[in-house]
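The values are calculated or read from the model by the stated rules, or taken from the named source; none is laboratory data. Source: prediction; values computed, not measured. Reconstructed Cβ throughout: ideal geometry from the backbone, glycine too, with neighbour counts over all protein chains shown. Accessible surface is based on the protein model in full, side chains and every heavy atom, while ligands, DNA and RNA are left aside. Shrake-Rupley method; radii C 1.70, N 1.55, O 1.52, S 1.80 Å.
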Amino acid sequence: MNHETSLSKAREIADRVLAPAAKQNDKEGRFSTDAVDALGRAGFLGLTLPTEFGGTGLGPRTFAAVTAILAEADASVAMVYLMHICAAAAINAARASTAVAQILEEIASGGHLSTLAFSEPGSRSHFWAPVSRARRNDAGVRITAKKSFVTSAGRAQSYVVSSLAPEGAGPTDSTLYLVPAGVRGLTVEGSWDGLGLRANASAPMMLDDCEVPYELHLTNDGAGFKAMLEVVLPQFNLGAAAVALGLCRAAVAATATHLKSARFEHLGQSLGESLPTLRAQLADHADRYRRPLSAHRRPG
Ligand SMILES: Cc1cc2nc3c(=O)[nH]c(=O)nc-3n(C[C@H](O)[C@H](O)[C@H](O)COP(=O)(O)OP(=O)(O)OC[C@H]3O[C@@H](n4cnc5c(N)ncnc54)[C@H](O)[C@@H]3O)c2cc1C
């Protein structure tokens, strides 16, 4: 798969799998397993992973363009995808171990969805400063933590979890750990009932004395903050912007459809035919959001 074929495959999945179910899934707050399966089968879960693990080895440009295409059809699925790619980046940046290599291969083969479990109610939007702290034991660490929003909660096969390092002295002395689903003590606490983006299962999760062996420590002790800011955050910012772009494109397209189909019966014209102000505003917005990502350049 290259950049161009990735985009055409993403469009095909968006049209065939995401778009027909998006409205009902959003209404019912239903996570789309079909969408994740389709993305996995087509190789999108390993889009940015190195080829040595079976990934496609494509870069941020393709990731952003694919995410925007998915968001145009279903922003919840795009968000699930974005959090997965962020988690995959953190796993890929981890120190080498057999366990980590095996998970990267599972992701690349399409059977493993991952996500981030950073935010905690104690530090709220300051996701880089967990208040939970890991405790050392013989096999690795034990973690007790409350995570406030975890996209794909209960649906992912693994969670990239942040927690203060056992001997960390300050609020950013954290470590990243990989916690597989099914580990004893890991539970989803409630459901996600948001105002929008309702179909991505962004629910709270609880880790109750979960044991994480050394081979699943993704960073050295205290190096979690650096990985969150340097590995995860750039992908997150890019992906979140791509989700917003996809939403904007969808809004522009829906507006165009409305202007063409809603009619003034007494004038025998559509809104668009009748009102030049609406046509002008639509043209302005379409110009901003329709162009491909590569066409968005800084002025000057
Ligand atoms: C749909 C959804 C999915 C999510 N998925 C994940 C996930 O997968 N993994 C994960 O770890 N987290 C996830 N999050 C959590 C997210 O990263 C934030 O931690 C969370 O939204 C913070 O919410 P809050 O109400 O606690 O914000 P608060 O901390 O109460 O912030 C409220 C407002 O104050 C602003 N604010 C806070 N501090 C400052 C400051 N210093 N200066 C200026 N403004 C400030 C914030 O920007 C915000 O507008 C998700 C959130 C949502 C809504």
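Please work out the C-alpha center-to-center distance from the stretch 89-113 to the stretch 190-264 and express it in whole Å. After rounding, the separation between the Cα centres reads 20 Å.
A 1.4 Å probe run over the protein chains yields, for the chain, 48 Å² of accessible area per residue, whole-number rounding. With a 1.4 Å probe and every protein chain kept in, tell me what percent of the accessible surface of the chain is carbon plus sulfur. Roughly 54 percent of what the probe reaches on the chain is carbon or sulfur. Across the stretch 198-287, Cα-Cα pairs farther apart than 21 Å form 63% of the total.
The Cβ shell under 14 Å around LEU39 holds other residues with a net charge of 0, Lys and Arg each +1, Asp and Glu each -1. Summarising the label geometry, the points placed 7 Å from Cα in the beta-carbon direction at ARG16 and GLU167 lie 5.5 nm from one another. When each of the peptides 226-233, 26-33, 76-83 is scored by the mean number of other C-beta atoms lying within 10 Å of its residues, the order from highest to lowest reads 76-83, 226-233, 26-33. When you work out D = kT/(6 pi eta Rh) for the stretch 120-185 at 25 °C and 0.890 mPa s, using the Kirkwood radius from C-alpha pairs as Rh and the Stokes-Einstein form, the result is 197 µm²/s. Within the shell defined by Cβ-Cβ distances under 11 Å, the residues around GLY54 carry a net charge of -3, with Lys and Arg each +1 and Asp and Glu each -1. Projecting the Cα atoms of ALA64, ALA99, LEU49 onto the dipole axis of the stretch 1-126, where Lys and Arg carry +1 and Asp and Glu carry -1 at the beta carbon, places ALA64 farthest toward the positive end. What share of the DSSP beta bridges in the chain is antiparallel, in percent to the nearest 5? So the antiparallel bridges in the chain amount to around 80 percent.
Mean-square fluctuations from a GNM of the chain, with a 10 angstrom spring cutoff on Cα atoms, peak among HIS217, HIS285, HIS84 at HIS285. Ratio of Rg to Rh for the stretch 151-244: 0.99 [Cα atoms; Kirkwood radius as inverse mean 1/r over pairs].
Assuming a viscosity of 1.306 mPa s and a temperature of 10 °C, what translational diffusion coefficient in µm² per second does Stokes-Einstein assign to the stretch 63-122, Rh being the Kirkwood radius over Cα pairs?
In µm²/s, the coefficient is 125.
The charge dipole of the stretch 89-150, taken about its Cα centre with unit charges on the Cβ atoms of Lys, Arg (+1), Asp and Glu (-1) only, comes to about 420 debye. Pairs of Cα atoms in the chain fall into 10 Å distance bins, from 0 up to the last occupied one, in shares of 6, 26, 31, 21, 9, 4, 2, 0, 0 percent. With a cut-off of 9 Å between beta carbons, the residues surrounding ALA153 carry a summed charge of +1, where Lys and Arg count +1 and Asp and Glu -1. Take every Cα pair under 8 Å whose residues are at least 6 apart in sequence, average their separation, divide by the length of the chain, and the relative contact order is 19 percent.
Ordering of 105-113, 16-24, 187-195, 262-270 by packing is 105-113, 16-24, 187-195, 262-270, highest average first (other Cβ atoms within 10 Å, averaged per residue).
Placing one equal scatterer on every Cα of the stretch 1-98 and applying the Debye formula, the log10 ratio I(q)/I(0) at q = 0.12, 0.18, 0.23 Å⁻¹ is -0.37, -0.78, -1.18.
If you run the Gaussian network model on the chain, springs between alpha carbon atoms under 10 Å, then out of LEU116, LEU176, LEU278 the most flexible one is LEU278. Between THR51 and LEU195, take the C-beta separation as r, use R0 = 30 Å, and let me know the FRET efficiency to the nearest 0.05. For THR51 and LEU195, the calculated efficiency is 0.15.
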